[in-house]
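Down below is the structure, laid out as structure tokens.
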Amino acid sequence: MDYSYFKTEVSKRRRPATTRELTKIAYSAPKSTVSLAEGMPNEETFPFTEISVKLYDGSSFILDESELGAALQYIPTQGYPPLVQALREFQRRAHAPPLWESRDIVVVSGSQDGLSKVLEAVIGTGDPFLVPDSFYPGVEAVVAPHKVELVMIPQDDDGPIPEILRETLRNREISGAKMPKIMYINPTGTNPTGIIIPLERRKEIYRIACEYNFLILDDDPYHFVHFDKEEPKSFLSLDTEGRVIRLDSFSKVISSGLRIGFMTATAPLIASVELHLQSSHLHAPTLSQKVTDSFTGLADFNVPKGGFFLWIKIRGIKNTWKMIMQRGVTNGVIMAPGAAFMKDPSKSCNAIRASFSKASYEEMDLAMRRLAQLIRAELAENDKNNYIENVDT
């Protein structure tokens, strides 16, 4: 499926923030790797030593200092990796979605945040938007600034009426009107009506989505808060074409104040939301002598007067991007290439940003030695290539 059809021009123009991508790389890198790329505070400066939680059933657990260090630190945009993995397994078991290998998950700050990110990725100014004739007002709060055309679909006691949905779309197609790219549905314990859309109606709505090529935004925070004997079958479980964007929330089953939800969709749609999240939602050891010793003749830098970062300009290398992004990890060190902080990151930049806030002095020492080795290897490779070019000339 061509998902570019569904994305707004703004969504298509979003680009990943290099520092966020580096955080993702650091989480998956070998434990022996020293990362100076992220602007993270050192966990030892956090004021918490442990957090204990006791549940109503009498069970309890404690997050100790080491676990808190991970829990309170910056994490990849997609979410805390162990939680993301647990949610993947949960969705697979709970819904058994078709095309599971093509799907992914991103953690959001509750369903409302997920709604906002999805709709802003898909709905452009003046676009038509399929909604039931009564629906959660938080949806309209998101789309109202975009002056969307709300295409209201009447409901009966079983939810949106498929025959009217199909007729509405057929008439728009015949008249040459702009066709909707997405439909909002709150299928279980619908807000405000409290209905549960029956399985056969869900199947028919999904068939219409395939016929008229639109996505289904399946906002289902009440999926596990129902009074039927059988658990409702979700739109995600019916999705054979990758059209469903499912929103789940812990707000209704654990705590509204936690503001944790998660979104499940095909990887291209999750990637768009993750880029939006990057743009919407950082104890330093003494460095001077160590850096000077490591980089004599290789680089120039100024001793930082504050903040978390050291800006290093490499001599003899015009662009540090490939050296850092492609060869840094394999050499056991992650930093941020200077171009990531320029207006046009495609232009050459000979600088590197190293964050000294999280690393211990020993880790910083090791990272600087590894970086110096990396620079020397890069310079040697450049000299070799220049020699070959001169010989060929």
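The values are calculated or read from the model by the stated rules, or taken from the named source; none is laboratory data. Fair warning: this is a prediction, and the values are worked out from it, not measured in the lab. Neighbour counts are summed over all protein chains in view; Cβ atoms, including those assigned to glycine, are modelled from backbone coordinates with ideal geometry.
Output the residue which, of all residues in segment 48-91 that are surrounded by 14 or more Cβ atoms within 10 Å (Cβ to Cβ), assigned to a helix (DSSP H, G or I) and not aliphatic (A, V, I, L, M), is modelled with the lowest pLDDT. Once the filter is applied, the top-ranked residue is 69.
Residues in segment 101-141 that are over 20 Å from residue 78 (Cβ atoms) and either surrounded by fewer than 21 Cβ atoms within 10 Å (Cβ to Cβ) or under 16 Å from the mean Cα position of the chain (by Cα) (or both): 12 in all.
Just one residue in the set 197, 185 is among the aliphatic types (A, V, I, L, M) and buried (at least 24 other Cβ atoms within 10 Å of the Cβ); that residue is 185. Can you find even one residue in segment 377-393 that is at pLDDT 85 or above, hydroxyl-bearing (Ser, Thr, Tyr) and not in a helix (DSSP H, G or I)? Taking every residue of segment 377-393 in turn, none turns out to be at pLDDT 85 or above, hydroxyl-bearing (Ser, Thr, Tyr) and not in a helix (DSSP H, G or I).
When the residues of segment 319-336 are filtered to those that are surrounded by fewer than 18 Cβ atoms within 10 Å (Cβ to Cβ) and not in a helix (DSSP H, G or I), the one that is modelled with the highest pLDDT is 319. For residue 179, the requirement of being surrounded by fewer than 22 Cβ atoms within 10 Å (Cβ to Cβ), at pLDDT 95 or above and either assigned by the TED database to the domain that holds residue 127 or part of a strand (DSSP E or B) (or both) is met. Counting only residues that are of a type in the set (A, V, I, L, M, F, W, C) and at pLDDT below 80, segment 337-361 holds 4 of them. Summed over segment 202-229, the residues that are assigned to a loop (DSSP other than H, G, I, E, B) and not aromatic (Phe, Trp, Tyr) give a count of 8.
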